[in-house]
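Asker: Got a structure here, written out as structure tokens. Questions coming.
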Amino acid sequence: MKKLLLYILSLFILAACSNEIPEYHQPVQAKRVILAYLIANNNLDNDIMKNVLWMYESLTTAQDSCTLLIYYKPNSTNKYLTIPEILEFQTNGYGQINNKEILSGDKLTIENVLMQAKRHQAVGGVSTNPLVMENNIRIMQNIAPAKSYGLLFVSHATGWMPAPNIRETFSFGIDGSEYNSINIPEMANALRNCFSNNLDFILFDACMMGIAEIYYEFQDVTKYCIASVMETPRVGFPYHRFFHQLYEEEINFQQICDEIIAFNKENDLWGTYAAIDCSQMGRLAEAIRYELLSHNISIDDLSHNIQQYGTGDFTYFSFDIKGIVESLNKGSIPPQFQEVLDNVVIAKSCIDDYDTPPLSLIKDKNNFCGIGMYIPNATGNTTWDNYYRSSISWYNAVGWSEIIPSNE
């Protein structure tokens, strides 16, 4: 009898203690938690809403507990969301999400998915503001504490290029206007403030983010990055085909790149995708620096006949890194450089038979090494070059400052 009374008393104590914890807090997760930062206050809102549906659809196949937190900044035309919100989804591995039966068939709609989400208030303001970004990511971390995280960024982007300028570049994100964007160094610093060596990967579902300048800025922020060096189709990544794989302890990055390419081919779309080991970016910078400084190069000559990845106003914003080194070495690749490149680019896939201009850039997959970089002064755009020289760390890391006279 005494044991029974102690047992009942202990239950009351546990119940009382549980009331002290805000209901949105979960215990620390052993499994990776995925955070998604979706800036849809632009003309991609309908497409990004569908991406949320696809993420949910993939979660329905999970055989284990998985947690997804989505910060969503909607456009004013959005039929389902009127303000920024944080959406929470948690599977239990037994056919339920948020303790409700999974949606399927005709019930699998955006409206029903949002009704099933646990919805939290987000910090208002411009989503590309570094403080707003930091605060919302921290809210998601507080909702779902974890040993490690994966992070998705979905919006418009133009890579390393400054936001904004006369060529309508906007670096990352459009929150209502190109002026509401975030430059890459500021973005990296915001994430540096949010994570402490526990960000496993960043997936950039956005145009032109698969370049050395970005990966170098993020080398101490995340272990891996997945991105495209080219403009990307507005439909986004086919999350319904691979999203659940992002929770695996060892992610098969090659399989993910292949899945995206297969989806794009099936839908008559273009694409280049790669996964990068960001911890190796310092070695890559040193290897390129050696190649640049070891050759008597002409910038004008170097930028010719190398695979480049930009179209329209973005032409020549990035050149294939392997192509640059081949040009320096008259068509060959030094074995020591190839070894470094192989350690950096851990997975890649591309479409080289897309025949609709201007996105039919890749004619031979052997010319796609998985990563690109800018050649200063290749475009004659002084705005780009001045910003690149003053703000992008890669410029000094690879030795451009020693090659290009300071008065140029």
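Asker: Take Gly124 and tell me if it is at positive phi and either more than 23 Å from the chain's Cα centre (by Cα) or modelled with pLDDT of 95 or more (or both).
Answerer: No: the conditions fail for Gly124.
Asker: Applying the selection to segment 243-279, what residues are open to solvent by 40 Å² or more (accessible area, probe 1.4 Å) and part of a helix (DSSP H, G or I)?
Answerer: Within segment 243-279, His244, Gln254, Gln255, Asp258, Glu259, Lys265, Glu266, Ser279 meet the criteria.
Asker: In segment 280-297, which residues are at pLDDT 95 or above and open to solvent by 30 Å² or more (accessible area, probe 1.4 Å)?
Answerer: Gln280, Arg283, Glu286, Arg289, Tyr290
Asker: Taking segment 48-66 as the region of interest, how many residues are free of Cβ contacts under 8 Å to residues at least 40 places away in the same chain and of a type in the set (Ser, Thr, Tyr)?
Answerer: Looking only at segment 48-66, we keep the residues that are free of Cβ contacts under 8 Å to residues at least 40 places away in the same chain, and these are 63, 65.
Then drop every residue that is not of a type in the set (Ser, Thr, Tyr), which leaves 65.
The total comes to 1.
Asker: Does Tyr224 meet the test of being open to solvent by less than 10 Å² (accessible area, probe 1.4 Å) and out of contact with any Ser or Thr (no Cβ under 7 Å at 6 or more places or on another chain)?
Answerer: no
Asker: Only one residue in Thr61, Thr82 is open to solvent by 10 Å² or more (accessible area, probe 1.4 Å), in a loop (DSSP other than H, G, I, E, B) and within 15 Å of Tyr239 (Cβ to Cβ). Which one?
Answerer: Working: Thr82 fails: within 15 Å of Tyr239 (Cβ to Cβ).
It is Thr61.
Asker: If Met230 passes every condition in (1) of a type in the set (A, V, I, L, M, F, W, C); (2) assigned to a loop (DSSP other than H, G, I, E, B); (3) more than 29 Å from Trp54 (Cβ to Cβ) but one, which one does it miss?
Answerer: Tallying (1) of a type in the set (A, V, I, L, M, F, W, C); (2) assigned to a loop (DSSP other than H, G, I, E, B); (3) more than 29 Å from Trp54 (Cβ to Cβ), Met230 fails exactly one: (3).
Asker: Of all the helices (runs of 4 or more DSSP H) wholly in segment 298-408, which have at least 3 residues that are buried (at least 18 other Cβ atoms within 10 Å of the Cβ) and not polar (S, T, N, Q)?
Answerer: Of the helices (runs of 4 or more DSSP H) lying wholly inside segment 298-408, those with at least 3 residues that are buried (at least 18 other Cβ atoms within 10 Å of the Cβ) and not polar (S, T, N, Q) span 321-328, 335-344, 382-391, 393-397.
Asker: Being over 19 Å from Asp320 (Cα atoms) and either open to solvent by 20 Å² or more (accessible area, probe 1.4 Å) or part of a loop (DSSP other than H, G, I, E, B) (or both) is the filter here; which residues of segment 201-218 pass it?
Answerer: Phe218
Condition check ((1) among the acidic types (Asp, Glu); (2) farther than 18 Å from Ser58 by Cα; (3) at pLDDT 95 or above; (4) touching an Asp or Glu at 6+ places or on another chain (Cβ under 9 Å)) across all residues:
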residue: Tyr94; (1), (2), (3), (4): no, no, no, no
residue: Met140; (1), (2), (3), (4): no, yes, yes, yes
residue: Val154; (1), (2), (3), (4): no, no, yes, yes
residue: Thr158; (1), (2), (3), (4): no, yes, no, yes
residue: Ile166; (1), (2), (3), (4): no, yes, no, no
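Asker: Can you go through Asn180, Asn197, Asn189, Asn193 and tell me which one is open to solvent by 30 Å² or more (accessible area, probe 1.4 Å) and free of Cβ contacts under 8 Å to residues at least 24 places away in the same chain?
Answerer: Exactly one of Asn180, Asn197, Asn189, Asn193 is open to solvent by 30 Å² or more (accessible area, probe 1.4 Å) and free of Cβ contacts under 8 Å to residues at least 24 places away in the same chain, namely Asn197.
Asker: If you don't mind, another one. Scan segment 91-100 residue by residue and report those that are open to solvent by 10 Å² or more (accessible area, probe 1.4 Å), of a type in the set (S, T, N, Q) and touching a helix residue (DSSP H, G or I) at 6+ places or on another chain (Cβ under 9 Å).
Answerer: Residue satisfying the conditions is Asn98 alone.
Asker: What number of residues within segment 261-300 satisfy the criterion of being over 17 Å from Lys348 (Cβ atoms) and among the polar types (S, T, N, Q)?
Answerer: Count: 5.
Asker: Criterion first (over 20 Å from Tyr149 (Cα atoms), open to solvent by less than 10 Å² (accessible area, probe 1.4 Å), assigned to a loop (DSSP other than H, G, I, E, B) and among the hydrophobic types (A, V, I, L, M, F, W, C)) does Leu103 satisfy it?
Answerer: Details: over 20 Å from Tyr149 (Cα atoms): yes; open to solvent by less than 10 Å² (accessible area, probe 1.4 Å): no; assigned to a loop (DSSP other than H, G, I, E, B): yes; among the hydrophobic types (A, V, I, L, M, F, W, C): yes.
It is false that Leu103 is over 20 Å from Tyr149 (Cα atoms), open to solvent by less than 10 Å² (accessible area, probe 1.4 Å), assigned to a loop (DSSP other than H, G, I, E, B) and among the hydrophobic types (A, V, I, L, M, F, W, C).
Asker: Another question, then. Only residues in segment 361-381 that are over 18 Å from Gly159 (Cα atoms) count as the first member; pair them with residues that are open to solvent by less than 10 Å² (accessible area, probe 1.4 Å) and assigned to a strand (DSSP E or B), Cβ under 7 angstrom, at least 6 apart or cross-chain, and list the lot.
Answerer: That search, which allows pairs on different chains as well, returns Ile362/Thr272; Asn367/Asp320.
Asker: A follow-up question, please. Could you list all residues from segment 130-147 that are closer than 14 Å to Pro84 by Cα and within 19 Å of the chain's Cα centre (by Cα)? Give the steps one after another, and end with the answer.
Answerer: Narrowing segment 130-147 to residues closer than 14 Å to Pro84 by Cα: 132-133, 135-137, 139-140.
Within segment 130-147, Val132, Met133, Asn135, Asn136, Ile137, Met140 qualify.
Asker: Follow-up question, since we're still on this one. Go through (1) part of a helix (DSSP H, G or I); (2) at pLDDT below 95 one by one and return the number of the condition Lys31 breaks.
Answerer: Status for Lys31: all satisfied but (1).
Asker: Tally time: how many residues in segment 349-371 are touching a helix residue (DSSP H, G or I) at 6+ places or on another chain (Cβ under 6 Å) and not hydrophobic (A, V, I, L, M, F, W, C)?
Answerer: Result for segment 349-371: 2.
Asker: As an exercise: evaluate Thr128 against (1) within 17 Å of Phe204 (Cβ to Cβ); (2) free of Cβ contacts under 8 Å to residues at least 12 places away in the same chain and give the number of the one condition it does not meet.
Answerer: Result: Thr128 passes all but (2).
The values are calculated or read from the model by the stated rules, or taken from the named source; none is laboratory data. Note that the structure is predicted; figures quoted are calculated from it, not measured. Methodologically, a virtual Cβ is constructed for each residue, glycine included, from the backbone with ideal geometry; neighbour enumeration extends over all protein chains shown. Ligands, DNA and RNA are excluded from the accessible area calculation, which covers all protein heavy atoms including side chains. Shrake-Rupley method; radii C 1.70, N 1.55, O 1.52, S 1.80 Å.
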